[in-house]
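Reading through the structure tokens given below for one structure.
The numbers here are math on the coordinates, done by the rules we state, and not lab data. In this text, all values refer to a predicted model and were calculated from it rather than measured experimentally. All Cβ positions, glycine included, derive from the backbone under ideal geometry; neighbour counts span all protein chains shown.
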Amino acid sequence: MKQSAFYVLLLAILCIACSKQGSAVTAPPTAPPPVMDTVLYKSLPFKMGASINVNLLKNNTAYSAVVTKEFNSVTPENAMKMGALQPQQNVFNWADADYLVNFAATNGKRVHGHTLNWYNSLPAWVNTFSGDSAAWEQLLKTHIQTVVTHFKGKVSSWDVVNEAFNDDGSIRNSIWVQHLGTDYIARCFQYARQADSAVLLFYNDYGQEYSAAKRNAIYAMVSSFKTRGIPVDGVGLQFHLTYTQTDANIAAAIASAVQTGLKVHIAELDIRLNSDKTKSVLTPELAAQQAARYKTVVKAFASIPAQQQYGITTWNVSDADSWIPAWQGAPDWPLPFDANYKRKPAYGAIIEGSK
Ligand code: XIL
């Protein structure tokens, strides 16, 4: 009896062993996951853009490869600012801006122009210009209309006026206000429209997420433009965010822009991690928290009416190219691509957020 029980047990063990081995042999091998050659803009239901440093586009092959592959909208980071385009009065330098526009035409990218009027990045001759208000008006009009005419049919939209408000909702005391009064903003839009009847005209500003006063002032200006018949087609939310920015503030800024009924462009998105200047490396934890913020932004944007979604543009491409470290005076990693142009967790989070 004992012996037969032993053989039964042995047989049972052998059977189990055989069946295990058998299943290992006959089961389909675990296939490696298919290589998903994701393209960012093709994964999203709205345009995905980046601001472009034209020098990098010309000279850095990793940079131009990512731009060509991943984005379908481009904004010149600096090449269409007044200091770049009109370095001396009535002397225009189109070379870099034209290079970008040609790149976009060749590669099927939308071009968003930035910016016709700003208080910053002015050529020296404007800062020292002396003339009466008529001469200043002519200077403003000539710049806007020469630039809009030059790019007519090549640029889909313009940030006509950039950063005209203070955070408290008052109008910034710029060189333009000093010489032309606060209604210069409306005239910028009129001059742009006179030069191109089809191009979309945006008002663009930062801080709409943290200042209710500022977003209310922008909303009030757009409403008054509608009443007065001043042309305006869209609102740009720059969204230079910190990773601690709240969901509620992000949603409130987008909601305020949506309420205008105009197109909404998240125009300069970056999410910085080191505004307290305490960090020296990007840890996986920080990258994950940043990704969560990117997802929040995209999710909020994806939920607005489709006809108001002008798109999302990040302010440059990789952490190596971002303006944030120099502006902030401390290292940072604000963009969805790392300094080697590899995708960070934020990349996948953008796609996730759009679903
Ligand atoms: C920044 C550029 O990124 C820098 O290279 C340049 O030195 C200064 O301007 N808001 C804007 C952008 O509207 O034009 C700014 O771009 C960043 C803040």
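Things to note:
- Full extension of the segment from Lys277 to Glu137, taken as 0.36 nm per residue of separation minus the current Cα-Cα distance, would add 46.1 nm.
- Backbone amide hydrogens, once placed in the peptide plane, bring Thr313 within less than 5 Å of Gly49, Ile266, Ala267, Glu268, Leu269, excluding anything fewer than 5 places away on its chain.
- Amide proton proximity set for Thr242, modelled H, under 5 Å, gap of 5+: Arg272
- Sorted peptide list for 64-75, 125-136, criterion being average Cβ within 10 angstrom, highest first: 64-75, 125-136
- Full extension of the chain between Leu286 and Asn59 gives 78.6 nm of extra length, using 0.36 nm per residue less the Cα-Cα distance.
- Using θ = phi - 60° and Karplus 6.51 cos²θ - 1.76 cosθ + 1.60, couplings along segment 205-216 (whole Hz; Gly, Pro as x): 7, 9, x, 5, 7, 9, 10, 5, 4, 5, 5, 5
- The order of the peptides 284-293, 180-189 by mean Cβ neighbours within 10 Å, most packed first, is 180-189, 284-293.
- 0 to 90° range, to nearest 10: angle between helix 61-70 axis and the chain longest Cα axis: 80
- Separation of segment 309-355 and segment 35-69, taken as the distance between their Cα centroids, equals 12 angstrom.
- Sequence-distant lysines (8 or more away, or on other chains) whose Cα lies within less than 27 Å of Lys342: Lys42, Lys47, Lys58, Lys69, Lys109, Lys277, Lys279, Lys295, Lys299, Lys355
- Selection from Ala330, His179, Leu139, by position along the positive dipole direction of the chain (Cβ): Ala330
- Relative contact order of the chain, taken over Cα pairs closer than 8 Å and 6 or more residues apart, is 15 percent.
- Label separation (Asp167 vs Ala212): 1.6 nm, computed from points 7 Å beyond Cα along the C-beta direction.
- 3J(HN,Hα) along segment 300-313: 5, 5, 5, 8, 7, x, 4, 6, 9, 7, 6, x, 10, 10 Hz, from the Karplus curve 6.51 cos²θ - 1.76 cosθ + 1.60 with θ = phi - 60°, whole Hz, x for Gly and Pro.
- MRE, 222 nm, helices only [DSSP H, n ≥ 4, -39500 (n - 2.57), over the chain, to nearest 500]: -14000 deg cm²/dmol
- In this Cβ point-charge picture (+1 for Lys and Arg, -1 for Asp and Glu), the chain has a dipole of about 1040 debye about its Cα centre.
- The chain shape via C-alpha gyration tensor axes, a/c threshold 1.5: prolate
- Full extension of the chain between Thr149 and Ser224 yields a length gain of 24.3 nm, computed as 0.36 nm times the residue separation minus the alpha carbon distance.
- Once the Cα atoms are used to define both axes, helix 95-107 deviates from the longest principal axis of the chain by about 40 degrees.
- For segment 112-247, the relative contact order is 28 percent, taking Cα pairs closer than 8 Å that sit 6 or more residues apart in sequence and dividing their mean separation by the residue count.
- Taken along the Cα-to-beta-carbon direction at a fixed 7 Å, the label points for Asn90 and Tyr41 span 3.9 nm.
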